[in-house]
Amino acid sequence: MKITYRKAVTEKDKVLLVPFYSDLENVPEAYREWLKARLKSGDLTGKKDSHVTFYPGSSIEPGRIVFYCFGDLEEASSRRVRATLAKAVKLLRKHVMPELSIVFNNRFLQFPREIGEALALANYNQAIYKTGRDKREAEEKMIKKIFIISSEIDRVQKFEIDEGVKVGLAVNEVRDLVNSPHNFVDVETLSARAEKICAENKIKITVLDRKELEKLKMGALLAVNNGSNHPAKLVVMEYLPLGRRQDPIVLVGKGVTFDTGGVNIKPTQGLSEMHMDMAGAAAVLGVFMLLRDLDIRQNVIGLLPLTDNAVDACSQKPSDVITSFCGKTIEVGNTDAEGRLILCDAISYAIKKYKPSAVIDIATLTGACMVALGDQIAGMWGNNVQMKERMKNAALETDEEVWEMPIHEIHREGMKGKFADLNNIDGDTSGLAGACTAAAFIENFVEHTDWIHLDIAGPAMPKKPKEVDFPGASGFGVRLLTRFLQNIK
Ligand code: BES
Ligand code: MN
Ligand code: ZN
């Protein structure tokens, strides 16, 4: 998808999209009367998402002009512009659409990043595993070239639109990863992908294999991996533009490439979606696709603990006692609470090796978080008020919503082990508050480091996609974490 800027509409423009607000102010003079008549006749309600197409005539270009209403100007917001533009582009993509021209005036150019994000996010190809005619048709409906037409656009606005496009394209790659089934994305392919991304972006990467993890005594990650024939890996990515001048921020993404539940096996219902259990790792990878390109001036480490959670004669058993990397012992009350086991070792490793200024983990961790907040909003826990406020701001700006959740003493109590130091499930609260007790478990490993935990079990793959999304994976977290890093002063 290539973006080009033009000052005015010409006969080169084949299909023209004209976004407007209910007052019709920015509709080009030549069409305003025509549009008013459409309002009068009732062809157009003049409310958000109402739209109408004008066909100027057989031999005249643009051959089709689509007027799309963004609602009242007073209600304009970054969320509204991103979501509505995405809807408009998706509508146009029902037709074969190699080129699209869009007229933006200053009212819309207040939201350049959102424009860029919407254009890329709405131009996602869902048909990567189709062949033949379905594949061809899906490809024909991809927009190859977008012309942005504005007489008043400035350099900064162009730059920010281009930046938004880059972010959106990274999100699309993450969607592909998360949508891919396990026989396409497993430990090996995911770590190979991380190596490719780092090579392309000149980012240092080390992939620790099972042997090295054994030497390091990462007992919790290894225990989850016991039942698998894909040896666990820990991907370590180092983006250090400030060298030794700054302690890094560490991003840890849960990379369970398929979660059967292990011996505490999951029921059939929902099982086939469990290839998405690496959405946290994929989101961190998405951020690493962007760090260099967006010239983010922060030292950032990315850690991806990778394994599947399989059922096998060698699988860990409920009641096993394992020793984590930091030395704390854990009773495996339930093998399906595997995410926290792989996260805790990665977090301890991060703290020991990098002395980070902050750790953020992102994980499809609990069904309970979905019960609490629905499947569009991520749960957020953390130990630093200012850091959480900054995350909330990034969430508002990117429309990747988070809601702050608590850890109470009762949750901490529940995670204590009977025989070992900890249990990976809550014995006391009988499964209630499962998202909070999971956070309480992880808290045991963050020591005094500033920390945020994001549970994205719902928004990684919501049942009802948002305006910018498609059925399946959303790529949640890429926009949120990237903006969080960009906003640090
Ligand atoms: N990967 C799941 C959580 C999940 C559920 C993600 C649905 C996406 C959609 C996680 O590993 C899990 O199984 N969690 C258990 C924890 C329980 C055993 C304490 C859960 O939520 O039931
Ligand atoms: Mn599980
Ligand atoms: Zn899981």
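The values are calculated or read from the model by the stated rules, or taken from the named source; none is laboratory data. Only a predicted model underlies this, so the values are computations on that prediction, with no experimental measurement involved. Cβ coordinates were reconstructed from backbone atoms using ideal geometry, including for glycine residues, and neighbour counts include every protein chain displayed. Surface areas here come from the heavy atoms of the whole protein model, side chains and all, with no ligands, DNA or RNA. Shrake-Rupley method; radii C 1.70, N 1.55, O 1.52, S 1.80 Å.
What the table shows:
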| quantity | calculated |
| --- | --- |
| Contour minus Cα-Cα distance for D43 and E413 (0.36 nm per residue) | 127.0 nm |
| Total charge dipole magnitude, region 1-155, about the Cα centre, Cβ charges on Lys, Arg, Asp, Glu only, Debye to nearest 20 | 600 debye |
| Helix-only mean residue ellipticity at 222 nm for the chain, each DSSP H run of n ≥ 4 adding -39500 (n - 2.57), per residue, nearest 500 | -11000 deg cm²/dmol |
| Percentage relative contact order, region 238-320, counting C-alpha pairs under 8 Å, at least six apart | 50 percent |
| Under 16 Å from the Cα of K418 - lysines, other chains or at least 8 residues apart | K328 |
| Neighbourhood charge, 10 Å Cβ-Cβ cut-off, centred on V359 and excluding it, Lys, Arg +1 and Asp, Glu -1 | -3 |
| Surface accessible to a 1.4 Å probe, per residue, for the residues of the chain, Å² | 42 Å² |
| Principal axes of region 252-355: Cα extent on each, largest first, Å | 46, 34, 17 |
| Gain upon complete extension [F184, E74; 0.36 nm per residue less C-alpha separation] | 34.9 nm |
| Cα centre as origin, Lys/Arg/Asp/Glu Cβ charges: region 1-61 dipole, Debye | 160 debye |
| Quarter of Cα convex hull surface for the chain, i.e. mean projection, nm² | 24.5 nm² |
| For peptides 155-163, 58-66, sequence by mean Cβ density within 10 Å, most packed first | 155-163, 58-66 |
| Partner lysines for K464 [C-alpha distance under 18 Å; skip if fewer than 8 residues away on the same chain] | K87, K90 |
| Per-pair calculated FRET efficiency, R0 = 22 Å: R64 and A30 via Cβ, rounded to 0.05 | 0.90 |
| Computed lengthening from Y129 to L432, 0.36 nm per intervening residue step minus Cα-Cα distance | 105.2 nm |
| Relative packing of 25-36, 287-298, which averages over residues the other C-beta atoms within 10 Å, highest first | 287-298, 25-36 |
| Region 368-435 and region 58-77: distance between their alpha carbon centers, rounded to Å | 43 Å |
| Antiparallel bridge percentage (DSSP; both residues within the chain; nearest 5) | 35 percent |
| Mean Cβ neighbour count within 10 Å, used as a protection proxy, ranking 42-50, 215-223 highest first | 215-223, 42-50 |
| Whole-Å distance, taken between Cα centres, linking region 19-45 and region 461-489 | 33 Å |
| Over 24 Å [Cα-Cα, region 1-104], rounded percent | 21 percent |
| Part-to-part distance (alpha-carbon centres) for region 260-279 and region 186-211, which is given in Å | 25 Å |
| Those chymotrypsin sites (Phe, Trp or Tyr not before Pro) in region 319-428 that DSSP places in a loop and that have at most 13 other beta carbons within 10 Å | F419 |
| Accessible area of region 277-436 belonging to carbon and sulfur atoms, whole % at 1.4 Å probe | 54 percent |
| Average Cα contact separation per residue, the chain, under 8 Å, 6 or more apart, as relative contact order % | 14 percent |
| Label point 7 Å beyond Cα of S50 along Cβ direction - residues of region 73-99 with amide nitrogen under 14 Å | 73 |
